[in-house]
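Input: a single structure, listed below in structure tokens.
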Amino acid sequence: ENFDKKTLEQQTDSFLNNWFSFDFDSTIATYKDQMDETTLAQYKLYAKQKKQYKGLKKKIKTEYTITTDSATVTETILCESGDKLLASLTFDKDGQIQTDDSGNYSFKFDEYKTLGQKMQKAGLNTIMSMSIVFLVLIFISILISCFKFISVFENKMKAKNAAPAPAAA
């Protein structure tokens, strides 16, 4: 009942506009001594991401994943840097943005990948995996072919150790 798609979309748009307009560098400089290590690391990550993506250019599409106790809004956005991102924001059962134990919002950016990019990565993973399998098979076949030399070496050692016993008097 708390998950009206229009409201969720408006909250997400507002959140993203605020995020892209926020000055993380000055906040870090001002409150660095008062932040714990986790919060400081997160703010540094946000500052790095903001420099990388520069700003929010436009929203391309919005998708919703709604369950009984949470909703996730994923917006495909185009940044001023030219990057396409998937921005995901999760809401709790009351329709509020979820936060973790330290009060940080639960949202993330993922790079948008086309089907061609996904297939390219899958193809490279397949080639690498098959190469590893064949290298291990070659190693095993070399190891097995060395067994005949091991038995020859063992027979020589047995013959050397089995010296003739001294003659009985």
* **the range 75-153 - Kirkwood radius from inverse mean 1/r over Cα pairs (Å)** => 17.9
* the range 24-159: relative contact order as a whole-number percent, Cα under 8 Å and 6+ apart -> 13
* Asked: When the helix-only estimate is applied to the chain (DSSP H runs of n ≥ 4, each -39,500 (n - 2.57), divided by the residue count), what is the mean residue ellipticity at 222 nm, nearest 500 deg cm²/dmol?
  -> -17500 deg cm²/dmol
* **Electrostatic dipole magnitude of the chain [Cβ: Lys, Arg +1; Asp, Glu -1; Cα centre; debye, to 20]** => 1420
* Asked: Among 19-25, 118-124, how do they line up from the highest to the lowest mean number of other beta-carbon atoms within 10 Å?
  -> 19-25, 118-124
* Over the range 79-169, what relative contact order in percent results from Cα pairs under 8 Å that are six or more residues apart? -> 18
* **Model label zone, Thr39; criterion: amide N under 16 Å from point 7 Å along Cα-to-beta-carbon; scope the range 84-122** => 99-106
* Net lengthening on full extension, Lys156/Ile132 (0.36 nm per residue, minus Cα-Cα) -> 5.0 nm
* What order, most packed first, do the peptides 72-81, 150-159, 58-67 have when packing is the mean number of other Cβ atoms within 10 Å of each residue? -> 72-81, 58-67, 150-159
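Add +1 for every Lys or Arg and -1 for every Asp or Glu among the other residues with Cβ under 10 Å from the Cβ of Ala71, and state the total.
With Lys, Arg at +1 and Asp, Glu at -1, the neighbours total -1.
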* Enter the accessible area of Phe149 (Å², nearest 10), with the probe set to 1.4 Å and all protein chains included. => 130
* For the range 1-95, what is the Kirkwood hydrodynamic radius in Å, using each pair of distinct C-alpha atoms? -> 14.6
* To do: Enter the angle in degrees (range 0 to 90, nearest 10) between the Cα long axis of helix 115-145 and the first principal axis of the Cα atoms of the chain, meaning the one along which they spread out most.
  => 10
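What FRET efficiency do you get for Thr7 and Lys118 if R0 is 41 Å and r is their Cβ-Cβ distance, rounded to the nearest 0.05?
About 0.80, to the nearest 0.05.
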* Structure fact -> Once all protein chains are kept in place, Tyr112 shows an accessible area at probe 1.4 Å, nearest 10 Å², of 90
* To do: Return one number: the angle in degrees, 0 to 90 and rounded to the nearest 10, between the long axis of the Cα atoms of helix 37-53 and the longest principal axis of the Cα atoms of the chain.
  => 80
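The values are calculated or read from the model by the stated rules, or taken from the named source; none is laboratory data. Keep in mind that what you see is a predicted model, and the values were worked out from it rather than measured. Glycine also receives a Cβ, built like all others from the backbone with ideal geometry; neighbour counts cover every protein chain displayed. Accessible surface areas use protein heavy atoms only, side chains included; no ligands, DNA or RNA. Shrake-Rupley method; radii C 1.70, N 1.55, O 1.52, S 1.80 Å.
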